[in-house]
Protein chains: 2
Amino acid sequence: MLSSKADDLACKVRSKDQRGLARVLSMVENGHPLAPPILHSLFNPERSSLTIGITGYPGTGKSTLTNRLITYYRRHGCKVGVIAVDPTSPFSGGALLGDRVRMQEHSTDPGVFIRSMGNRGHLGGLSGTTRDALEVFAAASYDPVLVETMGVGQAEVEIASLADITLLVLVPGLGDEVQTMKAGIMEIGNIIVLNKADRPGIEQLEMFVNASLDLIPDQTARPSVIRCSALSGEGIDKLTDAIVSCVSLGTGRKIIARRRTKLILRSIIREKGRELARKHVSDRYGSVEGAVESILQGKTTPYEIGELLSGFLTNKRENDHERNRD
Amino acid sequence: MLSSKADDLACKVRSKDQRGLARVLSMVENGHPLAPPILHSLFNPERSSLTIGITGYPGTGKSTLTNRLITYYRRHGCKVGVIAVDPTSPFSGGALLGDRVRMQEHSTDPGVFIRSMGNRGHLGGLSGTTRDALEVFAAASYDPVLVETMGVGQAEVEIASLADITLLVLVPGLGDEVQTMKAGIMEIGNIIVLNKADRPGIEQLEMFVNASLDLIPDQTARPSVIRCSALSGEGIDKLTDAIVSCVSLGTGRKIIARRRTKLILRSIIREKGRELARKHVSDRYGSVEGAVESILQGKTTPYEIGELLSGFLTNKRENDHERNRD
């Protein structure tokens, strides 16, 4: 599957060449045709590098927390990768830039590699890019790799969940109802971080979170709840301890590898599936837009096209069957 | 495409038979094999029935607003359909039930048909169910059909956006930052409803919302902002006027029909595409789980499987080409 150029770039990533790493990340982000063979070469289901997702509403101090974690892991001699997911929107751009400035202190440290990922096209695209970038960072021996997302929409949660362990960051005073009522929000974090723990309302928040966690049907999957202050650094040690026990006790490397592999495969199936279906529709109607025209003219319906796509599948299988009999 | 049984059920829906309608909605929800031919028969890209999505954070009074809109449209002689989207979660179930009780006053009115849709399986499933249920309601001459969702996650926004017009409900005091910082949240509503307008903080909220809307690049698509109090009923007339002008001035029936058709087709392409890709993977590895095993054993990678799916597509097209030359 590997061309010599893809092979060369994969080698550069593995040998920790920073310019090679940057180049491959750009290829992943731009959907370069060499990206799949490079990723195929770099992928290791049992990689030891841990990826940590950090998610939560804006204003919960995610960037400050990320910054603290970078400092902590650097002190322990780790090379740290960071993916900062920036959905480009007129409503978030400004504030986001301000946040990211806090990470600048690490930008001259060669042991830290920070990469911002923009929202190119649809959200599925950004999720695919993050998924692949995590594998590239891991192959270049960055351990851990932190993924920080904006907000807690479905897309952001999905992106953060691509990591091996997800931290959900909550703070007192942002409105407990809003923070926790969102369907299933508590189910997305392996660790719930109660940040800004020096603020009033921390007791109520912790009680509320614990009461909500009591409702989880499978209590063996109950996330740990850690109070900390990213600003002062208090509680960061407890948090990193919780991350370690999350790996060793809670889940284990093998289970993490299986979960990660499933997630990546499922997401690639979704991506390629849409591509396949679009292609079939285009083959028949010239383009998806052409199919829309046919529907508007009353010649077909989206449901008939859906049945055609299912039927195509059945025919294909029958053809394969024929071929096997030859 | 129609079997006589599907034809019979489609007729019942069109002739406004309530039991037939309920039955078809259940078939749609359960993925019954007759659902696609029935939907094919009922689908009308230029249907006159208007569908209205209502979305916003919990606690913003969406159910009370829905209730008001039902009352308003009933007074004007309309038959009103309601789809209440309930993502089943231990963290939302209780509160939700309480909210929905408010709609009970309409439950004995034969001109109102309320249907709760649960989150069966993954979120894509619920979105597909809502998409199809809207077409069924429209075919049974319910006009308007209201879709009320929980929260403002990506999935909820997607579901509400399946409607022709979307109302985004905000309230003073829920934390302006949280309400509007979420990437692009303001872009999802055709009309922004500032509910609980009698509460303190309404002025600031309105200023904040307008300042955010000033940033939208295309100001012709700027949503209108309507203050109201769903509880007292004040401002509901202004809201329904805004809905009317949204249809007649802002977009027009033809543009709505085109947008709706595109959305439905795109969502069916996504759904069937995943099905197709899963099938191909299963054909090769026995099951998706079998592919995961192969990856964990180091025999392949998700990226190689992705390339196989792309390659399958290319081969298929080549085969078609061969066939055309015969």
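Descriptive notes on the structure:
- Label-to-label distance, nm, for residues given as B:ARG266 and B:SER26 (7 Å Cα→Cβ offset): 3.4
- Greater than 27 Å apart at Cα, pairs in A:LYS62/A:LYS254; B:LYS79/B:LYS272; B:LYS16/B:LYS279; A:LYS16/A:LYS254; A:LYS12/A:LYS79: A:LYS62/A:LYS254; B:LYS79/B:LYS272; B:LYS16/B:LYS279
- Size of charge dipole - the stretch B:1-43 - debye, nearest 20, with Cβ of Lys, Arg +1 and Asp, Glu -1, no other charges: 140
- Exposure proxy ranking, count of Cβ atoms within 10 Å, fewest first, for B:ARG75, B:ARG68: B:ARG75, B:ARG68
- Residues whose amide H falls under 5 Å from that of B:SER116, counting only those 5 or more places apart or on a different chain, are B:ALA84, with hydrogens built in the peptide plane.
- Taking the Cα centre of the stretch B:221-315 as reference, the dipole from Cβ charges on Lys and Arg (+1) and Asp and Glu (-1) amounts to some 580 debye.
- Hz values of 3J(HN,Hα) by residue in the stretch B:59-69 - Karplus curve (6.51, -1.76, 1.60), Gly and Pro given as x: x, 8, x, 4, 5, 5, 5, 4, 4, 4, 5
- Note on A:GLN204 and A:GLU234: with the Förster distance fixed at 22 Å, the Cβ-Cβ geometry gives a FRET efficiency of about 0.70.
- Under-5 Å amide H pairs with B:VAL147, H placed in peptide plane, nonlocal only: B:ILE52, B:GLY53, B:ILE54, B:ILE83
- A point 7 Å from Cα along Cα→Cβ stands in for B:ASP218, and the other copies hold the same point at 4.3 nm, listed in rising order.
- Distance from the alpha carbon centroid of the stretch B:218-260 to that of the stretch B:18-86 works out to 18 angstrom.
- For B:ARG227, distant residues with modelled amide H under 5 Å away: B:LEU194
- Among B:ILE236, B:GLY298, B:THR261 - extreme Cα towards positive end, dipole of the stretch B:221-303, charges at beta-carbon: B:THR261
- Seen through its C-alpha gyration tensor, with square-root eigenvalues sorted a ≥ b ≥ c, the stretch B:1-43 comes out oblate because a/c lies at 1.5 or above while a/b is not bigger than b/c.
Each value in this text was obtained by applying a stated rule to the coordinates, not by laboratory testing. All of these numbers come straight from a predicted model, not from anything done at the bench. Neighbour counts are summed over all protein chains in view; Cβ atoms, including those assigned to glycine, are modelled from backbone coordinates with ideal geometry.
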